[in-house]
Amino acid sequence: MTRALVVYRSHSGVTRRYGEEIAEFLRRRHIAAQVASVGECDMATLSGVDYLLLGCWTSGLFVVRQHPDLPWMSFVREMPAVPTPAPAAPKVGLFTTYKVATGSQFYNMRAALEGKTAPPTLELKSRTGHLSPADEKALERFLAGV
């Protein structure tokens with residue numbers, strides 16, 4: 001069975017809800033999707049997944065200096081590196097929630113993951129923590145490898 005792991009860091013619960021909606025979308029596509037916060041995720045669960053989706057709320061000064069928060073960065077530092085390209089390397093996607101703008105959030109998330117995973121091929125963002133129809137289309141393309 002195809003497996004996915006959705007790991008998030010949430011400040012107010014909005015990013016958690018977004019991660020849960022992403023996982024539910026994957027389950028409707030017959031993918032065994034597990035959801036965990038960065039504080040609860042066992043690093044052993046990272047091995048053997050087909051899809052790894054990593055999310056964090058956007059921290060920063062409204063429209064400048066957006067970045068993942070320290071617990072998310074600590075989680076990424078502790079992640080074992082996945083050799084790439086490898087047939088078993090998971091496809092990686094990123095997601096974030098924000099109030100005003102995402103700014104450099106995805107850039108900083110990608111930089112933190114460099115050398116740890118394959119380059120992310122999906123970026124989702126939401127103000128509300130709910131999947132939009134555009135998010136669903138992006139997830140479909142991600143799953144199809146487009």
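Values as computed for the structure displayed
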quantity: Rounded to whole Hz, the Karplus (6.51, -1.76, 1.60) HN-Hα couplings of the range 29-40, x for glycine and proline; calculated: 9, 6, 10, 6, 10, 10, 10, 8, 7, 4, x, 10
quantity: Label-point separation in nm, Glu140 to Leu70, each point 7 Å along Cα→Cβ; calculated: 4.3 nm
quantity: Candidate lysines for bridging to Lys125, where Cα separation is under 19 Å - those fewer than 8 sequence places away on the same chain excluded; calculated: Lys91, Lys99, Lys137
quantity: Under-5 Å amide H pairs with Val82, H placed in peptide plane, nonlocal only; calculated: Thr117
quantity: Karplus-derived HN-Hα couplings along the range 131-143 (A = 6.51, B = -1.76, C = 1.60, θ = phi - 60°), whole Hz, x at Gly and Pro; calculated: 5, 9, x, 5, 4, 4, 5, 5, 5, 4, 5, 4, 5
quantity: Sequence of Lys137, Lys116 once ranked by neighbouring C-beta atoms within 10 Å, starting from the fewest; calculated: Lys137, Lys116
quantity: Relative contact order, percent, the range 3-136 [alpha-carbon distance under 8 Å, six or more residues apart]; calculated: 27 percent
quantity: Cβ-defined net charge surrounding Ser104, 13 Å radius [Lys, Arg +1; Asp, Glu -1]; calculated: +2
quantity: Kirkwood estimate for the chain, i.e. one over the average of 1/r between Cα atoms, Å; calculated: 15.0 Å
quantity: Protection-proxy order for peptides 117-128, 29-40, 46-57, 65-76, each taking the mean of Cβ atoms within 10 Å per residue, highest first; calculated: 46-57, 65-76, 117-128, 29-40
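Laboratory data are not the source of any read-out in this text; all were calculated from the coordinates shown. A quick note: this is a predicted structure, and the numbers were derived from the prediction, not measured. Neighbour counts are summed over all protein chains in view; Cβ atoms, including those assigned to glycine, are modelled from backbone coordinates with ideal geometry.
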